[in-house]
Each structure stands twice: as structure tokens, then as C-alpha cells.
Amino acid sequence: FMFLGVVARRPTRVARFFTSMTAPRPAASIVLAAPGSAGEVLVGLVRRSKGSSSFAGMVVFPGGVVDQADKAGLASMGPTTLADAGPRYTAIREVLEEVRVPLVLDKSGKRVQLDQRDLNQWGSEVHKDAKQFSGRCTAQGWSPDLSSLFPVVRFITPELEAQRMKKGGFDTHFFLAMLPSVPQAAADGVEVHDLLWLTPTDALEKLKKGELSMAPPQYFILLRLVGLTMQSLAGDMTSDRWELERNIPFRPFPIMEEHGLSLALPGDEQHDQYPGVSGAQHRVKVIGAGKGSVLGGEYRYERSDSVLLHNVAKSKM
């Protein structure tokens with residue numbers, strides 16, 4: 001989702017923007033991870049259409065907003081013990097729609113294998129009518145592979161930016177799905193274009209060179225994945241390294257520093273909702289962006305060793 005416009009040459013007024021929150025739209029997104037030739041992690045990124053109301057021309061992970069059909073489709077599956085089953089269902093439906101990757105199980109519990117022509121047809125049908133996802137699953141006895149997704153982080157659009165967006169902000173659950181190989185997938189050519197498979201390091205290097213543009217959530221996730229291999233990925237995603245991300249929603253809080261604008265994240269001493277201990281820094285610095293925006297510049301991530309779940313103000317949890 002889009003981040004943020006501006007804050008504040010008047011930092012004392014910033015908090016006022018958070019007093020009358022508009023409800024963000026529930027959304028979900030999937031980081032597709034597949035092995036490279038040497039076992040390195042490749043992630044799937046798509047470029048948003050230039051005519052998009054949000055993220056226009058930027059690279060994102062496949063995903064979108066929760067559709068009413070998703071709620072009905074999930075309900076038809078019966079009870080589930082997953083607290084975040086709704087966002088997981090949406091993420092799987094969106095990844096089929098946008099890049100034709102079916103994270104769906106057949107009756108035997110194996111991943112469904114379809115040829116590209118069939119996938120393109122199904123994805124197009126789902127794009128026109130989201131009910132076509134659950135409709136085919138029900139008819140074939142298939143089910144979305146909800147439990148295979150790893151929770152990554154939940155980002156909520158800051159209110160200041162949400163007010164600038166035509167339909168308001170987003171409350172986006174990001175998940176990671178591990179694939180056995182790079183799939184024969186393609187962007188739908190409508191909402192998204194140019195499906196790219198890059199290592200996190202290569203994606204960030206392209207951002208630095210100005211070859212790609214992305215919002216802070218994508219930058220944050222890619223940076224956290226740097227240096228991992230497919231062999232180490234599953235263990236890392238369930239480790240304490242992601243404890244803060246799994247347990248606290250990330251609504252960045254804009255603060256002004258000497259260089260300009262930064263986005264304080266939970267655990268930062270200046271975060272408005274989930275502050276950490278005195279001196280703790282957990283923020284994304286925005287360097288060289290255009291006036292009134294955090295987009296288009298260089299990002300720098302800072303995280304103190306003290307930014308841990310048990311150090312975040314418990315009165316806010």
C-alpha cells in the first residue's frame with residue numbers, strides 16, 4: 001500500500017491525525033519464495049499498472065483487498081483453527097488472480113497442478129468474479145493451502161497517508177509461501193505487469209539505483225530476507241527473529257529528524273502506540289524523496305538490539 005505523505009513541519013500536530021481513525025481496508029499479500037540455481041531465495045515481485053489508484057508503477061508482492069466472496073468461500077470450508085484464516089484465503093485467491101500461481105490442495109492433499117492455459121482462464125474468471133475461486137475449488141474438491149503460509153508482518157497505512165488515498169488506507173497481512181521451483185507464472189497484464197524473480201539483495205540494489213520503486217513495507221520485508229537460503233527460510237520464519245512482527249501490527253508513525261522524515265515502527269522510543277525502551281530506535285529513514293512524500297527516495301533501516309517484543313510497552317498490547 002501507499003505510504004505517507006508528509007508530516008510535519010508541525011510535529012506537534014501529527015498526533016491529531018491519529019485521533020479519528022478511518023477504518024483501513026482489510027488486505028493480504030504473499031511473498032512468493034522459490035529457489036535459485038544455488039539454493040538462494042528468489043522472491044516474486046510484480047509491477048503495478050501505471051493507472052492504479054495505489055502503488056502506480058511500483059513493484060509489490062501479489063495481493064489485494066478482501067472481497068465479500070472471500071468471506072463466503074472461507075465459510076464454506078468449515079471451521080478452522082487459524083485466527084488469520086481470512087487474510088490467508090484472500091492472499092491465496094489474489095496470487096492465483098494476479099500471477100496464476102495455485103496455492104491449492106487436491107483431494108489427496110497435494111498441490112494442484114494445472115497447465116498454463118487452464119491457469120490463465122481460471123485467473124481471468126476470478127478477476128472478473130472473485131466467487132469463481134471458491135466455485136471451482138468446491139466443484140473439484142480442492143481447498144486453499146492456508147496452513148502452508150508463514151505470517152511475516154501486518155502493515156497498516158498511517159492515517160495521514162490514508163486521508164490522501166481515494167478509497168482510504170489498508171490493513172495488510174503479509175505472508176510468505178515457499179515454492180519448490182520458480183513457477184511458469186505470468187502477471188495478469190491488467191492490474192500488474194512484469195513478474196520479476198529476484199534475490200532480496202538484487203531487488204534492493206535496483207531500488208538504490210532507481211531501477212525499481214517500492215513502498216516501505218516491501219523494502220522492510222526484502223531487507224529482513226537478505227542472506228537467507230531456501231534451506232534456512234522455514235526455520236527463520238518461525239524463529240524469534242520475527243517475534244515482534246508476528247505479534248504487533250506495524251502502523252508507521254512519522255517523525256522528523258535532522259535528515260528529514262523517518263517512519264518510527266513498533267519498538268522505537270518515539271512510536272505513538274507501541275514505544276520501546278528509552279533510546280531504542282526502530283525506524284525507516286527516508287532520504288531524498290520528493291517533497292511531501294516518502295516515495296521515490298532511498299530508505300535506510302535502523303533497529304536497536306533492544307527492539308524486542310518484551311521491551312515494547314505492555315500497556316499498549
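Quick notes on this one:
Quick grid of which residues meet (1) more than 27 Å from Gly189 (Cβ to Cβ); (2) in contact with a helix residue (DSSP H, G or I) (Cβ under 7 Å, 6 or more places away or on another chain); (3) modelled with pLDDT of 95 or more:
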| residue | (1), (2), (3) |
| --- | --- |
| Ser108 | yes, no, yes |
| Ser143 | yes, yes, yes |
| Thr157 | no, no, no |
| Arg164 | yes, no, no |
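- Just so you know, in segment 64-100 the residues that are open to solvent by 10 Å² or more (accessible area, probe 1.4 Å) and β-branched (Val, Ile, Thr) include one that is nearest to His193 (Cα to Cα), and it is Val65.
- Comparison of Gly235, Gly169 shows that the only residue that is without any contact (Cβ under 8 Å) to a residue 60 or more places away in the chain and of a type outside the set (Lys, Arg) is Gly235.
- The strands (runs of 3 or more DSSP E) located wholly in segment 191-271 that include 1 or more residues which are open to solvent by 10 Å² or more (accessible area, probe 1.4 Å) and on the phi > 0 side of the Ramachandran plot occupy 192-198, 260-264.
- Enumeration of residues in segment 110-131 that are part of a helix (DSSP H, G or I) and either at positive phi or among the acidic types (Asp, Glu) (or both): Asp118, Glu125
- Within segment 167-190, the residues that satisfy the criterion of being under 16 Å from Ala27 (Cβ atoms), part of a strand (DSSP E or B) and either open to solvent by 30 Å² or more (accessible area, probe 1.4 Å) or among the charged types (D, E, K, R) (or both) are Asp171, His173.
- All positions within segment 65-99 that are in contact with a strand residue (DSSP E or B) (Cβ under 9 Å, 6 or more places away or on another chain), in a loop (DSSP other than H, G, I, E, B) and not aliphatic (A, V, I, L, M): Asp84
- Screening Gly279 against (1) open to solvent by 10 Å² or more (accessible area, probe 1.4 Å); (2) closer than 21 Å to Val43 by Cα; (3) not hydrophobic (A, V, I, L, M, F, W, C) leaves a single unmet condition, (2).
- The one condition in (1) without any contact (Cβ under 8 Å) to a residue 40 or more places away in the chain; (2) on the phi < 0 side of the Ramachandran plot that Ser134 fails to fulfil: (1)
The values are calculated or read from the model by the stated rules, or taken from the named source; none is laboratory data. Since the model is a prediction, treat every value here as computed from it, not as a measurement. We place every Cβ from the backbone using ideal geometry, glycine too, and count neighbours over all the protein chains shown. Just the protein is used for accessible areas: all its heavy atoms, side chains included, with ligands, DNA and RNA removed. Shrake-Rupley method; radii C 1.70, N 1.55, O 1.52, S 1.80 Å.
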